[in-house]
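Notes for the one structure printed next.
The values are calculated or read from the model by the stated rules, or taken from the named source; none is laboratory data. Note that the structure is a prediction, hence the values are computed from the model and not measured. A quick note on method: Cβ atoms are made from the backbone with ideal geometry, for glycine too, and the neighbour counts reach across all protein chains shown.
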Amino acid sequence: MSQISIFDTTLRDGEQSPGVNLNQLEKLEIAKQLERFGVDIMEAGFPASSKGDFEAVRAIARSVKNTSVTGLARAKKKDIDIAWDALKDADEPRLHIFLATSPIHMTHKLKKTPEEVIQTAVEMVSYARTKFPQVEWSAEDATRSDKDFLVKIIEKVIDAGATVINLPDTVGYTTPEEYGELFRYITNRVPNINKVSLSAHCHDDLGMAVANSLAAIENGATQVEGTINGIGERAGNAALEEFAVALNIRQDKYPYQTNLTLKEIKRTSDLVSKFTGMAVPANKAVVGRNAFAHESGIHQDGVLKNASTYEIITPGLVGIKSNNLVLGKHSGRHAFKDKIEHLGYQLPEEKVTEAFQAFKLLTDRKKEVTDDDLFTILVDIQTNL
Ligand code: KIV
Ligand code: ZN
């Protein structure tokens, strides 16, 4: 089965989420958990961006041993030198350099001609390789770049020593079909592409980051970049927990494996949410509060008979103890009876019916009925025994 490397950028692109600012200890604690989760590479930060980030990246590079640690740099010698100082004590120091290749970015942001962009990319990758054994080069805004320009620059950057080529969908613009086609195009046309690994990095502006990442691996990507809980710049990055679970559940369609330990997902998600202050939406796939909750009577009845009726993921797979049958106005008698038995009540059938009717009346006034509400109903019913 083909192996996919997981490149986590929670501590860099994830930290670029508006309003998020992690201190060194928080970054270190998340890094340790990412190591337990089994990511292959973690991007610990952008060392040239601040003294605090430099120190955090250095601390992570020194203490994380089972995961390769990398840091981001612009295509500037100063950034590369600072990144080297932060990363040189890592077991396998890596650098991630980016430079934009789309006409929009080259004209308006870089104010460079395409030839100047090629020259800068080649010079900076060669310079980085005088220090780092592994250098990833990202063609920023690749999905809005001219494909033949990408072929040209990628060939030269590989000759200059890049070991990983990343094709980011920087603004979350592409669709799965187009992104897959981009990977096919590059794989078929760049003559020296077999010397490097090819990486996907997707943003979620149109809600397609995970789907795009899956399309990339079907078309030649061997590394996928993303963040925990999908946090990141604007609408965020591909959510790694969703990508990993999709591979696990749909082996029929995606026969790829990773080194991730899926049962660490919940703990990792909780930690990232706590330190970033970014709450996980209740309906978020895989880790949201409602991802394993069932409210309707028909679903609850099905799940009580056999969980696979309405659950494609077992909660235990991702480190969640159990599913949750929420009692609300759509709930049925089967789930209600199951719940009161769990609360320790064994009632004759007619009393269950009576309690169920009282519960149903309450659901017209309350969205979710709590255990305390149930106790009140059950005490009333018992007093009438
Ligand atoms: O989205 C992006 O283009 C990036 C680059 C720095 C790789 O995050
Ligand atoms: Zn990004």
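Residues in the range 37-48: is at least one over 23 Å from the mean Cα position of the chain (by Cα) and either of a type outside the set (Lys, Arg) or modelled with pLDDT of 95 or more (or both)? Yes, there is a match, as at least one residue in the range 37-48 is over 23 Å from the mean Cα position of the chain (by Cα) and either of a type outside the set (Lys, Arg) or modelled with pLDDT of 95 or more (or both).
Regarding Leu34, is this residue within 26 Å of Phe243 (Cα to Cα) and within 16 Å of ligand 2 (Cβ to nearest atom)? No.
Go over the candidates Glu92, Glu115 one by one and state the one that is without any contact (Cβ under 8 Å) to a residue 60 or more places away in the chain, under 30 Å from Phe149 (Cα atoms), among the acidic types (Asp, Glu) and surrounded by fewer than 18 Cβ atoms within 10 Å (Cβ to Cβ).
Glu115
Answer yes if at least one residue in the range 83-101 is in a helix (DSSP H, G or I), within 13 Å of ligand 1 (Cβ to nearest atom) and within 21 Å of the chain's Cα centre (by Cα), and no otherwise. Taking every residue of the range 83-101 in turn, none turns out to be in a helix (DSSP H, G or I), within 13 Å of ligand 1 (Cβ to nearest atom) and within 21 Å of the chain's Cα centre (by Cα).
Just name the residue that is farthest from ligand 1 (Cβ to nearest atom) out of those in the range 102-112 that are in a helix (DSSP H, G or I) and surrounded by 14 or more Cβ atoms within 10 Å (Cβ to Cβ). Ranking the qualifying residues of the range 102-112, first place goes to Pro103.
Checked against (1) within 16 Å of Asp141 (Cα to Cα); (2) among the charged types (D, E, K, R); (3) touching a helix residue (DSSP H, G or I) at 6+ places or on another chain (Cβ under 8 Å), Glu218 passes all but a single condition, namely (1). Only one of the listed residues (Lys274, Lys284, Lys266) is surrounded by 16 or more Cβ atoms within 10 Å (Cβ to Cβ), assigned to a helix (DSSP H, G or I) and without any contact (Cβ under 8 Å) to a residue 60 or more places away in the chain. That residue is Lys266. Just one of the listed residues (Val352, Val318) is surrounded by 17 or more Cβ atoms within 10 Å (Cβ to Cβ), of a type in the set (A, V, I, L, M, F, W, C) and within 34 Å of the chain's Cα centre (by Cα), namely Val318. Taking residues in the range 190-206 that are touching a residue at least 60 places away in the same chain (Cβ under 8 Å), and partners anywhere that are in a loop (DSSP other than H, G, I, E, B) and more than 16 Å from ligand 2 (Cβ to nearest atom), the pairs with Cβ atoms closer than 7 Å and at least 6 places apart or on different chains are Ser197/Thr222. The helices (runs of 4 or more DSSP H) located wholly in the range 129-218 that include 2 or more residues which are among the basic types (Lys, Arg) and either crowded, with 17+ Cβ neighbours inside 10 Å or more than 16 Å from ligand 2 (Cβ to nearest atom) (or both) occupy 147-159, 176-189. Can you confirm whether Ala238 is more than 12 Å from ligand 2 (Cβ to nearest atom), at pLDDT 95 or above and small (Gly, Ala, Ser)? So Ala238 does not fit the description; no. Go through the range 287-305 and count every residue that is in a loop (DSSP other than H, G, I, E, B), over 24 Å from the mean Cα position of the chain (by Cα) and modelled with pLDDT of 95 or more. Of the residues in that region, 0 qualify. The residues of the range 237-246 that are surrounded by fewer than 24 Cβ atoms within 10 Å (Cβ to Cβ) and out of contact with any Leu (no Cβ under 8 Å at 6 or more places or on another chain) amount to a single one, Glu242. Note on the range 44-79: residues that are within 23 Å of Val117 (Cβ to Cβ) and assigned to a strand (DSSP E or B) amount to 5.
Just one residue in the set Val171, Val224 is within 16 Å of ligand 1 (Cβ to nearest atom) and closer than 22 Å to Ile41 by Cβ; that residue is Val224.
Quick one: would you say Leu374 is closer than 19 Å to Glu295 by Cβ and either of a type outside the set (D, E, K, R) or surrounded by 16 or more Cβ atoms within 10 Å (Cβ to Cβ) (or both)? Considered against the rule, which asks whether it is closer than 19 Å to Glu295 by Cβ and either of a type outside the set (D, E, K, R) or surrounded by 16 or more Cβ atoms within 10 Å (Cβ to Cβ) (or both), Leu374 comes out as yes. From the list Lys51, Lys77, Lys65, the lone residue that is free of Cβ contacts under 8 Å to residues at least 12 places away in the same chain, more than 14 Å from ligand 1 (Cβ to nearest atom) and surrounded by fewer than 19 Cβ atoms within 10 Å (Cβ to Cβ) is Lys51.
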